[in-house]
Structure formats: C-alpha cells, structure tokens
1. Looking only at region 2-16, count how many residues are outside any strand (DSSP E or B) and closer than 17 Å to Glu42 by Cβ.
2. Quick check: is even one residue across region 64-74 under 30 Å from His127 (Cβ atoms) and outside any helix (DSSP H, G or I)?
3. Take Ala47 and decide whether it is assigned to a helix (DSSP H, G or I) and touching a His at 6+ places or on another chain (Cβ under 6 Å).
4. Out of the residues in region 78-92 that are surrounded by 10 or more Cβ atoms within 10 Å (Cβ to Cβ) and either modelled with pLDDT under 85 or not assigned by TED's automatic domain parsing to the domain that holds Lys121 (or both), which is nearest to the chain's Cα centre (by Cα)?
5. Show the residue pairs that are 6+ apart or on different chains and have beta-carbon atoms under 9 Å apart, the first residue being within region 39-55 and closer than 20 Å to Gly26 by Cα, the second being aliphatic (A, V, I, L, M) and assigned to a helix (DSSP H, G or I).
6. Given the conditions (1) in contact with a Leu (Cβ under 6 Å, 6 or more places away or on another chain); (2) in a loop (DSSP other than H, G, I, E, B), and given that Gly91 satisfies all but one, which numbered condition is not satisfied?
7. Scan Ile132, Ile109 and give me the residue that is within 30 Å of Asp17 (Cα to Cα), among the aliphatic types (A, V, I, L, M) and at pLDDT below 95.
8. Please verify whether Lys118 is part of a helix (DSSP H, G or I) and at pLDDT below 95, treating the condition exactly as stated.
Amino acid sequence: MKLILKEDVKGLGKTGDVVNVADGYGRNFLIPGKKAAEATAENVRLAEREKKKAEENLKRSLHEAEEFSKKVSAISITVSRQVGDGERMFGSVTSADVAEALEKEGVTIDKRQVHLEKPIKELGLFHVPIKIHPDVTAEIKVIVVKA
C-alpha cells in the first residue's frame with residue numbers, strides 16, 4: 001500500500017515522503033491515526049506543495065537565526081560574584097545567570113539555549129555557546145569579576 005506521510009514516523013520516513021507499507025499497518029495504524037494519507041495524484045501534489053512551503057519556512061527561519069546570531073555574538077556580558085580567600089567564588093555562574101544577563105542587554109533567550117558544559121566556578125573570561133537554531137550557534141563572551 002502506498003501512503004504519503006503527514007508527520008514523521010520513526011523507522012519509516014519524514015513528512016511528505018511516499019512510502020510502501022503493509023496493508024494492515026496502513027489501514028489500522030497510519031491512516032486512522034492521521035499519520036498518513038493514501039498516495040493519490042491529488043494528495044501527492046498537495047504533499048509536494050506543503051513540502052515546498054516547509055522548505056521556504058526553514059530557509060527563512062535559518063536566515064533570521066543567522067542574523068540574530070550576529071547580533072548576539074557582538075555582545076559581551078559581565079557577571080559579578082563574591083569571592084573569598086584565594087579568589088574562590090561563592091556559588092557559580094549558571095546558564096540561567098547568563099540568560100538573565102543577556103536579557104538586561106536586550107536579548108531574550110531561554111536558559112536552555114545556553115550550553116554550559118558545567119557551571120562557571122572561577123573568575124575570568126569565558127566563551128559560552130548559545131544555541132539559537134538547530135543549525136546556528138552563537139558564542140558570547142562572559143566575563144566573571146569579583147563583586
């Protein structure tokens with residue numbers, strides 16, 4: 001049975017793909033679950049049109065992410081923390097702290113977009129990656145100074 005996938009199905013294909021599946025799998029699982037439609041000529045044309053729209057949207061979002069990445073990369077933020085004897089910090093600088101400092105600079109991002117391998121626990125200059133888009137990553141400078 002030939003079907004057009006309406007959404008990604010693990011182990012089978014991505015949205016818009018035309019796939020051959022067993023009759024029972026198609027009739028009992030994919031079609032009733034609105035995961036696929038029969039591969040008629042009209043449905044194939046609709047799927048191709050939607051695939052083109054999705055590609056255009058992806059290109060547009062990638063371009064916007066690259067522009068935003070340039071803006072973010074130009075920013076360097078300073079975070080101050082209290083230190084004790086021997087320049088040891090009390091606490092650490094986390095991804096939430098970086099996101100909050102970026103928000104003060106006028107850039108709103110989610111703390112989950114800040115990819116720190118581990119919290120920053122010392123003074124100095126650090127390069128922190130910000131995942132803006134699955135294919136676009138910006139890097140900002142974070143300067144940790146004593147308060």
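The values are calculated or read from the model by the stated rules, or taken from the named source; none is laboratory data. This is a predicted model, so every value here is computed, not measured. In this analysis, Cβ positions are derived from the backbone assuming ideal geometry, glycine residues included, and neighbour counts consider all displayed protein chains.
1. Count: 2.
2. yes
3. The answer is no for Ala47.
4. Looking at the filtered set, the residue picked out is Arg88.
5. Between residues of region 39-55 that are closer than 20 Å to Gly26 by Cα and residues that are aliphatic (A, V, I, L, M) and assigned to a helix (DSSP H, G or I), the close pairs are Ala39/Ala47.
6. (1)
7. Ile132
8. no
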